[in-house]
Amino acid sequence: MAEKVIDIQKEINPNFKSVWKTKKPFNILKGGRNSFKSSVIALLLVYMMIPYLVKGEKANIVVIRKVGNTIRDSVFNKIQWALGKFFLMEDFKVGVTPFKIVHKKTGSTFYFYGQDDFQKLKSNDIGNIIAVWYEEAAEFNSAEEFDQSNITFMRQQHPLADMVRFFWSYNPPRNPYEWINEWSENMKEEVDYLVHESSYLDDRLGFVTDLMLNDIDRIKRNDLDYYRYIYLGEPVGLGTNVYNAELMQPIKELPKDEYIIYIAYSTDSGHQVSATTTLCVGYTNKGNVILLDTDYYSPAGKVNKKAPSEMSKDLNQFVENTKKRWGKPVELELIDSAEGALRNQYFLDYNIRLSTVNKKKKIVMIDFVHDLFAQGRFYYLDTENNKVFVEEHRKYMWNEKTVHTEQPKVIEIDDHTCDAFQYLCLTMAQRWGLRA
């Protein structure tokens, strides 16, 4: 039987030749979506391990994400894919508690860690390390987080390796002043660093399918800045308005060939001087997201403000009325994780435990909404109740004093429907096909 051999030139686009050939210890790969930078790193890491396997030597590689619970669906699967490309997967065994992929004969291992468990990572004496990969490096808080880990790994260098090689991969944040954008620009001047940029336009091997191209073209037509940010990897800046309001599409009724599969609710609850809103959103057979109804209560100017017990009844009435109207199953009832009074009251009154949102940075939550809008998949019923949603999103703005900083902030005035919708898009991102 003929020996199985990988033709690496059919797996690596020509623009990554410098990454494959470089001997530099520090390698930063940044680029847009579908640039295949992560695939290149995964293949290169497997390729780097092979000479040690041939010699019967144990060699280890460490792969890190900022948050540990994202490992399984990203780098863990990607390394297995790369091993399969080299026809090596059957020589390895896979473990998930903890995540690791181990060579059966030599014990050579791909270790997977979340930086959120840094103390465990720091105390682990792995030894025989030849490479380290930080995937989605923009999720980290600063370059100092890398520095803390790197020193630990350098001390555990394999005795036969001339160095431990480090790789970073990420999509540049849209804010030019985000720390990682400035960091990678500064590293271009360092002799030990390779800084590589890529986008889907560099594909020469046909990895970007026609279906992908159609989706990219749709986003390019809808929102050019978002296209440049997501697919070209350009830090295009924030501008003043957060959203392109023209991408919110009004409809009077659902099209005849479209129907709702399920509905979901999201609540942003205010306090004595702040509004409370609940959105009722439908997800359709065509993958569209439709704002069906909005409940909005503002205590501004009112002498007697509603107590949590009253707001609990209002929320339940809104949910029951919309459930009856649309006659569809409820997929999710979501509320701001910072709101305890209404959530507890609702459970006391109706024995229903509202789900809470696992918040991320504001700019990240906003990007999930950007993605939905840019895909042209968001509609709203043009009703009186939904006007407040449209107006708040039209007026939603960045604070100009913070735009040119690493921590941009929005103006937190009349933004309650904006918050509620961000919570929903963030929570449903995987099911709705949204990425930040």
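When the stretch 64-208 is described by a simple charge dipole with +1 on each Lys and Arg Cβ and -1 on each Asp and Glu Cβ, the residue from ILE79, TYR170, SER142 located farthest towards its positive end is ILE79. For the pair GLN430 and GLN249 in one chain, pulling the backbone fully straight at 0.36 nm per residue adds 62.9 nm over the alpha carbon distance. Helix 416-427 and the long axis of the chain differ in direction by around 40°, with both axes built from C-alpha atoms. Summing +1 for each Lys or Arg and -1 for each Asp or Glu among the other residues whose beta-carbon sits under 14 angstrom from that of TYR134 gives -1.
ASN288 sits among other residues whose Cβ lies under 10 Å from its own Cβ, and their net charge, with Lys and Arg +1 and Asp and Glu -1, is +1.
Projecting the Cα positions of GLY127, LEU238, SER38 onto the charge dipole of the chain (unit charges on Cβ atoms of Lys, Arg, Asp and Glu, taken about the Cα centre) puts GLY127 furthest along the positive direction. You can think of it this way: the chain between TYR47 and ASN285 has 81.3 nm of extra reach, that is 0.36 nm per residue less the Cα-Cα gap. Each part gets one Cα centre, and for the stretch 4-38 versus the stretch 415-436 those centres are 33 Å apart. Here the chain has 48 percent of its accessible surface on carbon and sulfur atoms, given a 1.4 Å probe and all protein chains in place.
The long axis of helix 37-54 is offset from the longest Cα principal axis of the chain by roughly 30 degrees. Relative intensity of the chain on a log10 scale, I(q)/I(0) at q = 0.08, 0.14 Å⁻¹, equals -0.55, -1.27, per a Debye sum over C-alpha point scatterers of equal strength in the absence of solvent. Angle of helix 308-326 to the longest C-alpha principal axis of the chain, folded into 0 to 90 degrees and rounded to 10: 80°. Across the options ASN288, LEU160, LEU205, the greatest Cα extent toward the positive end of the charge dipole of the stretch 160-305 (unit charges at beta carbon of Lys, Arg, Asp, Glu) belongs to ASN288. Per residue, the chain reaches -10000 deg cm²/dmol at 222 nm when only DSSP H runs of four or more residues are counted, each adding -39500 (n - 2.57).
Using R0 = 56 Å, the C-beta based FRET efficiency linking GLU190 and TYR262 works out to 0.65.
Using the Cβ-Cβ distance between ASP382 and ASP414 with R0 = 25 Å, the FRET efficiency computed as 1/(1 + (r/R0)^6) comes to roughly 0.80. The antiparallel fraction among DSSP beta bridges confined to the chain stands at about 40%.
What the Cβ-Cβ distance of LYS401 and ALA338 gives, at R0 = 41 Å and to the nearest 0.05, is a FRET efficiency of 0.95. Charge tally for LYS105 (other residues, Cβ to Cβ under 15 Å; Lys, Arg +1; Asp, Glu -1): +1. Three semi-axes describe the equivalent ellipsoid of the stretch 151-294; taken as square roots of 5 times the Cα gyration tensor eigenvalues and ordered largest first, they are 42, 23, 18 Å.
Whole-Å semi-axes of the stretch 257-361's equivalent ellipsoid, largest first, each the root of 5 times a Cα gyration tensor eigenvalue?
In descending order, the three semi-axes are 25, 14, 14 Å.
Only the Cβ atoms of Lys and Arg (+1) and of Asp and Glu (-1) were treated as charged; on that basis the dipole of the chain about its Cα centre amounts to roughly 1160 debye. Peptides 245-256, 18-29 ranked from most to least packed by the mean count of surrounding Cβ atoms within 10 Å: 18-29, 245-256.
The values are calculated or read from the model by the stated rules, or taken from the named source; none is laboratory data. Everything numeric in this text was worked out from a predicted model, so none of it was measured. A quick note on method: Cβ atoms are made from the backbone with ideal geometry, for glycine too, and the neighbour counts reach across all protein chains shown. Heads up: the accessible areas ignore ligands, DNA and RNA and are worked out on the full protein's heavy atoms, side chains in. Shrake-Rupley method; radii C 1.70, N 1.55, O 1.52, S 1.80 Å.
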